[in-house]
Amino acid sequence: MKCNKYLMKQIKAAEHELMEGSVKWLDIVMCSSIIALSRYWGWKKDRLSKLQKIQEDAWNEVANDNNKSMVQVLDEECGIELTNHEGVSYKRCDIS
């Protein structure tokens, strides 16, 4: 796609804003998961730290392979198929 410098600057700013928001929400979700594991399943600091390291490794693995998304890996490795609020599988969602 070709565009002028102004449009490219706008696109880069939007990508930056999206990335910052994504990192913020990822941190919130991870923290809430850690709190739940600690409160309701009795996980302690060592086990939670190991989980955080494994989670980071999984994100890095998926980030380095453009052929698979985290949602696809979740489905393939854990058998958890994500759906939207209407029960439609991620496999049926068209993002193009």
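One residue stands out in segment 30-83 among those that are of a type in the set (S, T, N, Q) and over 24 Å from residue 19 (Cα atoms): the one that is modelled with the lowest pLDDT, namely 49.
With respect to (1) under 17 Å from residue 27 (Cβ atoms); (2) loosely packed, with under 11 Cβ neighbours inside 10 Å, the lone exception for residue 85 is condition (1). Among the residues of segment 16-44, the one identified as among the small types (Gly, Ala, Ser) and either in contact (Cβ under 8 Å) with a residue 24 or more places away in the chain or on the phi > 0 side of the Ramachandran plot (or both) is 42.
Residues that are surrounded by 10 or more Cβ atoms within 10 Å (Cβ to Cβ) and touching a helix residue (DSSP H, G or I) at 6+ places or on another chain (Cβ under 9 Å) do occur in segment 21-28, at least one of them.
Okay, residues lined up against (1) surrounded by 11 or more Cβ atoms within 10 Å (Cβ to Cβ); (2) of a type in the set (Gly, Ala, Ser); (3) within 26 Å of residue 83 (Cβ to Cβ); (4) touching a strand residue (DSSP E or B) at 6+ places or on another chain (Cβ under 7 Å):
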| position | (1), (2), (3), (4) |
| --- | --- |
| 3 | no, no, no, no |
| 13 | no, yes, no, no |
| 38 | yes, yes, no, no |
| 44 | no, no, no, no |
| 48 | yes, no, no, no |
| 62 | yes, no, yes, no |
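Contact map, segment 58-74: residues that are farther than 16 Å from residue 26 by Cα paired with residues that are part of a helix (DSSP H, G or I), Cβ distance under 7 Å, separation 6+ or inter-chain. Pairs shown: 68/62; 73/62. Say we look at segment 66-82 and pick out the residues that are surrounded by 10 or more Cβ atoms within 10 Å (Cβ to Cβ) and not hydrophobic (A, V, I, L, M, F, W, C); which of these is nearest to the chain's Cα centre (by Cα)? Among residues in segment 66-82 that are surrounded by 10 or more Cβ atoms within 10 Å (Cβ to Cβ) and not hydrophobic (A, V, I, L, M, F, W, C), the one nearest to the chain's Cα centre (by Cα) is 69.
The values are calculated or read from the model by the stated rules, or taken from the named source; none is laboratory data. The shown structure was predicted, so the numbers you read here are calculated from the model rather than taken from an experiment. We place every Cβ from the backbone using ideal geometry, glycine too, and count neighbours over all the protein chains shown.
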